[in-house]
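Reading through the structure tokens given below for one structure.
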Amino acid sequence: MKILVINGVNMNMLGIREPEKYGTMTLKDLEKDLYAYSFELGIDMETFQSNHEGEIAEKIQSAYNNADGIVINPGAYTHTSVAIRDAVAAVAIPTVEVHMTNIHAREDFRHNSMIAPVCLAQISGFGAESYKLAIKGLVQFLSSRN
């Protein structure tokens, strides 16, 4: 089983950006932790980060026939990107949207996700642990389908 973990805009700034909200863990630290977790689960995992909407859409498209599931934190594109939403819908790969903070407890404009309606689930508010919860839930879902 292969899971693609995509991080969007500004996620490369983890550890620097608003540490009171996101903590001090860097993206590299997060990815290292997630690779260790994927080893525990016995799955293959690939990570990807881009600040560019088109690159994210292309990475989603490249997952077609190459990944069993996607975990995505689109960052601010969550609230604005029809392109990313359409890419997720087009590939029809089970996808979980993830956020480190609770987007529903933040500014009003962050309450709406363009991506969530085409996803299997959305997990938010548990910091870096949100990713592990998303991966675990996705793996359980995919395993139950087989």
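The values are calculated or read from the model by the stated rules, or taken from the named source; none is laboratory data. Given the structure is predicted, the values throughout are model-derived calculations rather than measurements. Neighbour counts are summed over all protein chains in view; Cβ atoms, including those assigned to glycine, are modelled from backbone coordinates with ideal geometry. Protein only, heavy atoms only, side chains kept; ligands, DNA and RNA dropped before computing areas. Shrake-Rupley method; radii C 1.70, N 1.55, O 1.52, S 1.80 Å.
Check V96, V139, V91 and return the single one that is without any contact (Cβ under 8 Å) to a residue 60 or more places away in the chain, among the aliphatic types (A, V, I, L, M) and touching a Gly at 6+ places or on another chain (Cβ under 8 Å).
Numbers: V139 fails: without any contact (Cβ under 8 Å) to a residue 60 or more places away in the chain; V91 fails: touching a Gly at 6+ places or on another chain (Cβ under 8 Å).
Step by step, each of V96, V139, V91 is checked, and only V96 is without any contact (Cβ under 8 Å) to a residue 60 or more places away in the chain, among the aliphatic types (A, V, I, L, M) and touching a Gly at 6+ places or on another chain (Cβ under 8 Å).
Only one of these conditions is not met by S113: (1) among the small types (G, A, S); (2) in contact with a His (Cβ under 7 Å, 6 or more places away or on another chain); (3) in a helix (DSSP H, G or I). Which number is it?
(3)
Would you mind finding the one in G42, G8, G23, G15 that is farther than 18 Å from S130 by Cα and of a type outside the set (D, E)? Walk me through it before giving the result.
On the way: G8 fails: farther than 18 Å from S130 by Cα; G23 fails: farther than 18 Å from S130 by Cα; G15 fails: farther than 18 Å from S130 by Cα.
So the residue among G42, G8, G23, G15 that is farther than 18 Å from S130 by Cα and of a type outside the set (D, E) is G42.
Considering only residues that are more than 13 Å from the chain's Cα centre (by Cα) and open to solvent by 40 Å² or more (accessible area, probe 1.4 Å), which ones fall in segment 127-146?
Of segment 127-146, the ones more than 13 Å from the chain's Cα centre (by Cα) are 139-146.
Those that are more than 13 Å from the chain's Cα centre (by Cα) and open to solvent by 40 Å² or more (accessible area, probe 1.4 Å): Q140, F141, S143, S144, R145, N146.
Please list, ordered by first then second residue, the pairs with beta carbon atoms under 6 Å, 6 or more apart or interchain, first in segment 10-26 and at pLDDT 90 or above, second part of a helix (DSSP H, G or I).
N10/G75; M11/L27; M11/G75; N12/L27
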